[in-house]
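Values in this text are rule-based calculations from the coordinates and carry no lab data. Here the structure is a predicted model, which is why all the values come from computation and not from measurement. Cβ atoms come from the backbone with ideal geometry, glycine included; neighbour counts cover every protein chain shown.
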Amino acid sequence: MIVLAVIVLAVGTYACKAAGPLFAAGRELSPTMQRLTDLLPAALLAALVATQTLATGSSLVLDARVVGVSVAAVAVWLRAPFAVVVLVGAGATALTRLLGWG
Amino acid sequence: MWSLPRTLRASMDGSVLAKAIPVGIAVAAYGVSYGVLAVAAGLSPLLATLSSLLVLAGGSQFAFVGVLAAGGAPLMGAASGLLLNLRFLAFGVAIARHLPTASLLRRALDGYYVVDEPVALALSGPDRDVVRRFRVTGATVVVAWVSATAVGAYGGALLGDPRTWGLDAAFPAGFLALLAPWLRRRSGQVAAGIGVVVAILLTPFAPPGVPVIAGGIGALVALRFADTSVSVPDDPGGSSLPIEGGRRPHEGSS
């Protein structure tokens, strides 16, 4: 049953991912649609950051992740390289838990 | 040592790979924790590793094993994972117009690469290299995600709880870094800000996945705002403005 679920997830995911490249490759969009497709990743990435930082299932939880992602935000503001942002984010989260919170 | 995909070898000049490799490291950190959690949720180490290769969409895989670990039916887990992945329809369209129309097989492989990191990295830089950034980052993500899952799945017992190492914060921290180029424009700030607010407000009421998709409303609202850069402390001229929304010339091939 788990194998079947993995296959369903894999096939459905591929359908979502490949629809654009398979059916809309190289297609010119109207200026408004171009701006929309340019801005959509920003809105969706930001929503992902929010839920992965604050959500546990369907509840909003303040835990050590908030500290880690806040520190990562400062690193981004200071234009730290990608790997540094991730390392300080994970490191600050781990340190916060080591100190006994979240 | 495996033989590197052609796109990776072709980019050994460094500049694109130099951006892709840190992304691969972050993806690997998250992949290790996925491997550990997947096995804890009842997948065999082999199935956990295969799931990363076949699905290649981290957030949905976490949702999937999260439902399993909570005792839910496997197909329910797959459904909530798929809900999270609906956003890739939008990502796929966003990258599609840069892709060459050449071969069906090539586009089928490009479709496999449509996940957050390759699309974000590809679209947040100069136009001429969009396709190369997309493919190199895509190949890097595949290698990092699948091999890290295997490490977590087969060696997880040595690591213990991945939360101890803060690995659950690696993904949001990485997404924040990917988001940075947009945050230096007014329109991008509006899109991101509204995306955050909508996602948080919906989290208690909507099934996992829906809040993120609904956050896409932010992009619609942001259409009304200019793409002017917002000065940041060490960038007074906004010279690094990465994206000029709506004015990007058509690019038929790399």
For chain A, longest principal axis from Cα atoms; helix A:31-54 axis from its Cα atoms; angle between them, nearest 10 degrees, is 30
Sorted on mean Cβ neighbours within 10 Å (highest first), peptides A:18-26, A:93-101 come out as A:18-26, A:93-101
Helix B:130-159: inclination vs chain B longest Cα principal axis, degrees, rounded to 10, gives 20
Placing one equal point scatterer on each C-alpha of chain B and summing with Debye, one gets log10 I(q)/I(0) at q = 0.15, 0.16 Å⁻¹ equal to -1.18, -1.32
Bounding extents of the protein assembly as shown in its principal axis frame from Cα atoms, largest first in Å, are 50, 44, 41
Here the gain from full extension of B:A226 to B:T101, 0.36 nm per residue of separation minus their alpha-carbon distance, amounts to 41.9 nm
In nanometres, the difference between 0.36 nm per residue of separation and the alpha-carbon distance of B:T164 and B:L75 is 29.1 nm
Cα pairs beyond 17 Å in the stretch B:85-173, in percent, come to 57
Expressed in nanometres to one decimal, the distance between label points 7 Å along Cα→Cβ at A:R79 and B:L46 is 5.1
Here the convex hull volume per residue of the stretch A:1-61, taken over Cα atoms and given in Å³, is 108
Sorted largest first, the Cα spans of the stretch B:160-234 on the principal axes come out in Å as 47, 36, 13
One finds the C-alpha centres of the stretch B:107-123 and the stretch B:186-214 to be spaced, in Å, by 22
Partner shielding of B:153-162, taken as the mean number of other chain Cβ atoms within 10 Å, equals 0
Partner shielding of B:20-26, as the mean number of partner chain Cβ atoms within 10 Å, equals 4
Nearest 10, in degrees from 0 to 90: the angle of helix B:15-40 to the longest Cα principal axis of chain B is 30
P(r) over all Cα-Cα pairs of chain A, 10 Å bins from 0 to the longest distance, whole percent per bin, short to long, reads 13, 26, 27, 28, 6, 1
Taking chain B and counting helices only, DSSP H stretches of n ≥ 4 at -39,500 (n - 2.57) each over all residues, the nearest-500 ellipticity at 222 nm comes to -20500 deg cm²/dmol
Expressed in angstrom, Rg and Dmax over the Cα atoms of the stretch B:10-82 are 14.7, 49
